[in-house]
Structures are given as structure tokens and as C-alpha cells.
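Enquirer: Questions regarding the structure given below will be posed in turn.
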């Protein structure tokens, strides 16, 4: 792993629980359930991206950290609800039993709700902490809105709704696939790059480049995810493979085949790298894009 | 119905959907599911209370409206998730089939998530709209934090977790009952009064009085709710009765009997009325408290 990736990932993991509100004794199972999924690991792509983007805009780790943790809370809640028996009914995630398998179907709904609510709470608190400085408040409000909007009913949740009811989308298969992926995974990855840029104080040009970068790696990320569901190793991935095909889901490989899908992922990765040409930290941002595209887990 | 109550309630109902983000065509079922539960009616207690409290602090309807709608979104999401088969598995709410009965168990989870996310979105947007005026921003940030914290894992969600796993609370039955009710319903009702006061520009003394008022009517409200589950009429209530007893839930009547429970509700109502003695609009606030305590539905 790239040393800078490892450094940022460790920073995120060291701080995730610090931003999670402690619960009272009466609801410690709720805390345990949230903690379980937060600690289940994963690439921490969204928070790493947010922090890297903030640094590329000249901001500091500490400015980005609350938003990085908030976006990981949101991503984690979405996985818990996505794995729920009422949704995809998955029993394995990151090599461990899914949240509802350990804490029950009811607690998994509440743990997801709790993580989403806590994410918003963390951002409101950070905005409040900077409320006496107009320009500091304003960039944080913009970052929080970027995250909140991308996670919501015109972003990630819309993508999940379309994913469980694709027959209701009035588009051809290619259009459906783009719609689902753009919203379900793309929106939050793009928001990570944009929110980092905003907290870091990027001007509109740099914000545009970093957002475009985030959008393109979001596309590549999802294509690779679809490919790995066909060609990947359950042990390495820490989740079951072949799930998409079993559920009859629309994916890049099912629509374009594996080879063409790989070419599409490479195209998006190239475009991401071009978007951050000649900016601060562009070496690391390019590494991040290429690494995601080459991954086997 | 008191004409002022009706006026505020109508205002809320006329604006609820205006604050709900439109979804794209691909996820219109998500929008329909959120809209269905928002339009299912109910007393609109929390938004009415928030607006009344804002007015009592000298603020305007329009200042309070985004927060009033946000808090109703949060309340509505909590009902959808609470009714879900993985939680209380209720099929009737406000005289209509519950959300999952109409839209499916998966969409009900997403509609709840969408309403919670939208509530936060509405508040971030309102804060952003006032970001050029320091004192206006600050009071809105405080109101949003009050709502977000009370809805979260140290408030409403903690109460729901304790309600589904009461055996994990290390308190005697009376302590458990207080813990569950204070968090599950009390926290958000108190936050409605406090957030209204904050948006309205209340000083710390008035904020304290209105918060205490909200806390006490929250207690009375929940006791009456418990009593109505025993003595109420399914048709008038629009939901099944006897549910608590069937689920073996800890309630005021099960612990204290109906008579003593009524006395406790009256005590809390009296205390609420005393807290708002001699403030602006105290007549309406007192009416609200007494009306909730006397209700049969």
C-alpha cells in the first residue's frame, strides 16, 4: 500500500469512533452494532479521497477529518441497510457476518439510522465550532450540503431505490445501469472529492477538477466492482461473489462483457488522472485512481 | 380544533412537500413512498409546537417553517421504520396501511432513510441561505443541532433500541420506562420546543422555559399514548390498540394502572403550563398542553 494511503487510512480509523456519539447504558447494543460495522474494515476510499482532495486544495488533515468520518458513517449505514434481509439479504461483508446476522434485523435498521444521523450530527457540530468565522463557516456548510445532497433522495438513496426496482426506470438497459451506478455509488464518491476540495478552500476551478476526478473514479470503481463479482475471489473480497448474476442484476459485465467493461474502467481512470494534471498532490491522486482500477479486491 | 392550531397545521401541511426534494424519474417510487407517509395525516404536534415556540420567542412563521418540516420528516421516518416487519410489524397507521404494506419492506427502509436524509438537507440548505448573516446563521445552527442530537443515538434512536431490547437496560422497570419514553418520544418533542425558541431568537431564560415546557408535554403525551393503547378506540386512533400488551411492552398503565397514569399525565401538563406562565402566546401554548392531555385519539 502507498505510504500516504496507509497514513491517511490509519488517521481515519483512529478517529472514526471518536466522532461517534457515545450512547447511554440503556442502548449500548446500539453503539456496539454501529461500532461493529465501522470497525469491519474496508478500503476507506471515501474518507481517504476526501482528505486527499482537501490537501490538494491546500487544507489540513484536521479540517477534513469530521467530514471524512461523516462520509464513512454514511457509507457504512448504506451497507448495513443494503445487506438487510428486506434488501439484498447478504450474510457476509468484509469477511464477517453482516450486521443483522450479529445484532438482529431490528437493530441493524436502527444502527443504520444511527450512523446516518450521527454523520449529520458530526457536520452540524463542526459547523457550530467555526460559527464565529464567516468564511470558515461558509466552506463547511457547502461541504456538508455536498455530502448530504449526494447521500439523499437525489443521490445514493435514489440509486438504491432504482437498484431494487429497476423495472420502474423508463430507460433502456444501458441508461438504467448508468442511472443506478451514478447515484448508488458514484454520487458519494464524487461528493467525497468535492467536499474535501470545499473544506480545503479550493477555488471554483480546482473544485471543478477535483469533482470531475471524483466522478470518474466513481465510475471506474463501480465497473471494477461489477467485474470482481464475476471474476473475483470470495476470500480476497470478503463477500460472496456471483451475487449480481444470481439476483439477475444489471451490471457492466452482463451488458458489455468483461473485456469491454475493463476498457470502460480504464477510460474513466485516464480521464480522472487528466483532471488532476499539474495540481498539488496530483501524484497521489493519480496513484489512487490507478490503484482502484487495478485492484483485485 | 383551536383556530390557531388549525392555521399552523394547515401551513405545515401546505409546505411539507415543498421541502421534500423531488426525485428523478428513475426513483419516483421512492418519492411516492415518502409522500404517502407524509400525507397520512396525524396531529403534526412537533411542527406545530416548533412554530408556536418560535412565535412565543418573537420569531416568524417563515423562519420556523424549514425546521418544522424537517422535524416532521424525522418523526415520519421513525414511524415507517418502527412499523417495519423487522421492528413492530404494524399494518395500520393513521387509519391506512403502513408504508411497507403498500411499497414493500425494502422501499420502506429506503423511504425512511430518505426522509431522515431530507430533513438534514432542509436544515443545511436553510443555514446556507442565511450564511451571510452571522447571528442568523448561528441561531439556525443551534436549532439544527438540537433537532439532530435529539433524533440521534443519544435521543430518539436510543429510545427505539431500548424499546426493542428492554432486557438489556440495567435499570428497574420504572427506570426503564422513563428511559425509553424520555428518549423515544420525549427527546424530539422537547427539541421541537427548543429549536423553535432558538430560531425565534429566544434568550437563554426563555429557551429554558420553552424547553422545559416541551419536555413536560412530551411526558404527558407519551403517558396518554400508553393509556389510549388500553382504553382507546381503533377507529378514532387509526391504529390497532392493545398492541403494547400483546407485545408485553412496559407502559405506564402496565406499571402504574390507568388511574395513577392519568394523574402523572396531569401533573406533567400542569408543570408545562406553569413553565410558560406570562410569556407571549402563553394562552395558545397552554391550550396545546391541555388539549394533548385530554385527547381521545
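Enquirer: Between residue B:61 and the same site in the other copies, what are the distances in nm, shortest first, taking label points 7 Å from Cα along the C-beta direction?
Expert: Distances to the matching label points in the other copies: 5.2 nm.
Enquirer: Is the shape of the range B:1-132 best called rounded, prolate or oblate, per the rule: a/c under 1.5 gives rounded, else a/b larger than b/c gives prolate, else oblate, with a ≥ b ≥ c the square roots of the Cα gyration tensor eigenvalues?
Expert: oblate
Enquirer: For residue B:22 paired with residue A:22, estimate the spin-label separation in nm (one decimal), with each label point 7 Å from Cα along the Cα-to-Cβ line.
Expert: 4.8
Enquirer: Mind jotting down a quarter of the surface of the convex hull over the alpha carbons of the protein assembly as shown, in square nanometres, one decimal?
Expert: 24.8
Enquirer: Follow-up question, since we're still on this one. What Kirkwood Rh does chain A have if only Cα atoms enter the pairwise 1/r average? Answer in Å.
Expert: Kirkwood hydrodynamic radius for chain A: 19.3 Å.
Enquirer: Which whole-number percent gives the relative contact order of chain B, counting Cα pairs below 8 Å spaced six or more residues apart?
Expert: The normalised contact order for chain B reaches 20 percent.
Enquirer: Run lengths n ≥ 4 of DSSP H only: what is the helix-derived mean residue ellipticity at 222 nm for chain B, with -39500 (n - 2.57) per run over all residues, to the nearest 500?
Expert: About -23500 deg cm²/dmol.
Enquirer: Shortest first, in nm, what separates the label point of residue B:283 from those of the same position in the other copies (7 Å along Cα→Cβ)?
Expert: 7.5
Enquirer: Next question, about the same structure. From Cα pairs below 8 angstrom and at least 6 apart in sequence, can you work out the relative contact order of the range A:21-160, rounded to a whole percent?
Expert: Relative contact order of the range A:21-160: 24 percent.
Enquirer: Which one, B:85, B:253, B:47, has the greatest fluctuation when you compute a Gaussian network model over chain B with C-alpha springs under 10 angstrom?
Expert: Maximum fluctuation in the GNM of chain B, among the listed residues, is at B:85.
Enquirer: Take the Cβ-Cβ distance between residue B:291 and residue A:35 as r, set R0 to 30 Å, and report the resulting FRET efficiency rounded to the nearest 0.05.
Expert: Efficiency, rounded to the nearest 0.05: 0.10.
Enquirer: I would also like to ask the following. Treat the count of other C-beta atoms within 10 Å as a stand-in for reagent exposure and order A:98, A:251 from fewest to most.
Expert: A:251, A:98
Enquirer: Still on this structure, please answer the following. Full extension from residue B:105 to residue B:204: what is 0.36 nm times the residue separation minus their Cα-Cα distance, to one decimal in nm?
Expert: Fully extending the segment from residue B:105 to residue B:204 adds 31.2 nm.
Enquirer: If you don't mind, another one. Using Cβ contacts closer than 10 Å as the measure, can you line up A:51, A:141, A:223 from fewest to most?
Expert: By the 10 Å Cβ count, ascending: A:141, A:223, A:51.
Enquirer: State, to one decimal in nm, how far the label point of residue B:6 lies from the label point of residue B:270, with both points 7 Å from Cα in the Cβ direction.
Expert: 3.2
Enquirer: Given Cα pairs under 8 Å that are at least 6 residues apart, what percent is the relative contact order of the range B:156-280?
Expert: Across the range B:156-280, relative contact order equals 25 percent.
Enquirer: Moving on. How many nanometers, to one decimal and shortest first, lie between the label point of residue B:41 and those of its other copies, if labels sit 7 Å from Cα toward Cβ?
Expert: 5.3
Enquirer: Can I ask one more? For the range A:173-205 and the range B:102-118, what is the separation of their C-alpha centers, rounded to whole Å?
Expert: With the range A:173-205 and the range B:102-118 each reduced to a Cα centre, they are spaced 22 Å.
Enquirer: To continue, here is another question. Rounded to whole Å, give me the distance from the Cα center of the range B:215-273 to that of the range A:221-245.
Expert: 51
Enquirer: Another question about this same structure. Choose one answer from A:72, A:259, A:215: the residue with the largest mean-square fluctuation in a GNM of chain A with alpha-carbon springs under 10 Å.
Expert: Of A:72, A:259, A:215, the Gaussian network model singles out A:259 as fluctuating most.
Enquirer: For chain B, modelled as a Gaussian network with Cα springs under 10 Å, which listed residue fluctuates most, B:168, B:177, B:228?
Expert: B:168
Enquirer: Fewest to most neighbouring Cβ within 10 Å: what's the order for B:124, A:221?
Expert: A:221, B:124
Enquirer: Under the classification rounded if a/c is under 1.5, otherwise prolate if a/b is larger than b/c and oblate if not, where does the range B:102-157 fall, given a ≥ b ≥ c as square roots of the Cα gyration tensor eigenvalues?
Expert: Judged from the Cα gyration tensor, the range B:102-157 comes out oblate (a/c at least 1.5, b/c at or above a/b).
Enquirer: Considering the zone a paramagnetic label at residue B:173 would reach in this model (a point 7 Å from Cα along the Cα-to-Cβ line), which residues of the range A:1-28 have amide N under 20 Å from it?
Expert: Label zone hits: A:26.
Enquirer: Related question: Under the classification rounded if a/c is under 1.5, otherwise prolate if a/b is larger than b/c and oblate if not, where does the range B:113-211 fall, given a ≥ b ≥ c as square roots of the Cα gyration tensor eigenvalues?
Expert: oblate
Only the coordinates and a few stated rules stand behind these numbers; no lab work does. Every value quoted in this text rests on a predicted model; they were computed, and no experiment measured them. When we count neighbours, we look across all protein chains shown, and the Cβ atoms used for this are built from the backbone with ideal geometry, even at glycine.
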